[in-house]
1. Going through segment 70-107 one residue at a time, which ones are among the hydrophobic types (A, V, I, L, M, F, W, C) and either exposed (fewer than 12 other Cβ atoms within 10 Å of the Cβ) or over 15 Å from the mean Cα position of the chain (by Cα) (or both)?
2. Among the residues of segment 11-30, count how many are exposed (fewer than 10 other Cβ atoms within 10 Å of the Cβ) and touching a Phe, Trp or Tyr at 6+ places or on another chain (Cβ under 7 Å).
3. Can you tell me which residues in segment 31-68 are surrounded by fewer than 11 Cβ atoms within 10 Å (Cβ to Cβ), modelled with pLDDT under 85 and part of a loop (DSSP other than H, G, I, E, B)?
4. Looking at (1) of a type outside the set (Asp, Glu); (2) in contact with a Lys or Arg (Cβ under 7 Å, 6 or more places away or on another chain); (3) more than 13 Å from SER79 (Cα to Cα), find the lone condition where ALA36 falls short.
Amino acid sequence: MIERLKTDLLILGAASLAAFAELGGIYLAIVGGTAALETTWIEAIEDVDLDDLNPESLWKFRIRGFGPLRVAMDSHGGSLYDSVNAGARVKRAEALAALGIQRRTTD
C-alpha cells in the first residue's frame, strides 16, 4: 500500500486527500521552528521506509508527550493548507484593490 501511495503522500495535495479518504488517514502538522523540541519527544526509531529519501522518508517513532499537533489534512477532505491558501488569496485581492492595483489574470 505504501508503495502505491508514497509519491502522493509526499506531495500532500489532492491525491493525498483522496488517499486519506480511502484509507482513513490524516496528516498532522506542528508549529514551524520547533524541530529541536520535537526531537526530545522521540524515545526510539522503530522503522524507516523509503530511507533513500532522507528527511522525507517514512519514519515510525515511539514518542512521549508529543504535541500539540494540528490536523492539517483529514479523511473528510479538509485541508488546512487549502483553507489558508484560499484566505490569503482573498486578502491579497482585497489589499491590491484597496491600493488600486489591477489583479493579474494569471492568478
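1. Scanning segment 70-107 gives VAL84, ALA86, ALA88, VAL90, ALA93, ALA95, LEU96, ALA97, ALA98, LEU99, ILE101.
2. 0
3. Answer for segment 31-68, where residues must be surrounded by fewer than 11 Cβ atoms within 10 Å (Cβ to Cβ), modelled with pLDDT under 85 and part of a loop (DSSP other than H, G, I, E, B): VAL31, GLY32, GLY33, THR34, GLY67, PRO68.
4. The single condition ALA36 does not satisfy is (2).
The values are calculated or read from the model by the stated rules, or taken from the named source; none is laboratory data. This is a predicted model, so every value here is computed, not measured. We place every Cβ from the backbone using ideal geometry, glycine too, and count neighbours over all the protein chains shown.
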